[in-house]
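Some notes on the structure that comes next.
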Ligand SMILES: [Fe+2]
């Protein structure tokens, strides 16, 4: 996979922490992370539409349609970064999202995984009402393909994320909670025990995070 013009961290190496928001570079670091998330989304939807033949044609079409939308998001952030003098290649970024999507074996697993991935702007800026990495049209196709239990899972994911933003005040703990509900283990739990179990686990983790 060609990630240029981004500079990629070596395998197993964490990306450098974003610098403080008191300097302009801090904003640049956050914009770079968000830009790279959009870049990975372009690649991921294009790849999924080609790779997962087990997905219904309408879902694959929705994925393909999303490629242009993600490219537009990437272009917007890239242009703004240029205006502000921030380079995409100034600091290395992590391919963790892309790598985790590559592990998916089925279309359904890809849907779970990409839905659970916290969009970068959410982790970075404490905002975002539509905080799921899936467009409405993709969600509609997912519901048709995998039933409304999946939709309920997406809705609860949204609520759990919103609660986490309000209830976990420590930024580091919040980021680690968001990562945890998108972890490989959680995806396996959904696959083996169903969406209800995922909801219960996420709620339990939130309670634990708030209590700590
Ligand atoms: Fe996007």
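Structure notes:
- In the range 38-50, residue nearest to residue 139 (Cα to Cα) [restricted to those that are more than 10 Å from the ligand (Cβ to nearest atom) and without any contact (Cβ under 8 Å) to a residue 40 or more places away in the chain]: 49
- Count of residues meeting criterion [outside any helix (DSSP H, G or I), modelled with pLDDT of 85 or more and surrounded by 22 or more Cβ atoms within 10 Å (Cβ to Cβ)] in the range 89-129: 1
- Residue in the range 133-144 that is nearest to the ligand (Cβ to nearest atom), counting only those that are part of a helix (DSSP H, G or I) and crowded, with 17+ Cβ neighbours inside 10 Å: 138
- Candidate set: the range 52-88, residues that are more than 16 Å from the ligand (Cβ to nearest atom), in contact with a helix residue (DSSP H, G or I) (Cβ under 8 Å, 6 or more places away or on another chain) and not in a loop (DSSP other than H, G, I, E, B); chosen: the one farthest from residue 141 (Cα to Cα): 84
- Residues of the range 166-194 that turn out to be assigned to a helix (DSSP H, G or I) and modelled with pLDDT of 75 or more, as a count: 19
The values are calculated or read from the model by the stated rules, or taken from the named source; none is laboratory data. As the structure is a prediction and not an experimental result, all values here were calculated from the model. Methodologically, a virtual Cβ is constructed for each residue, glycine included, from the backbone with ideal geometry; neighbour enumeration extends over all protein chains shown.
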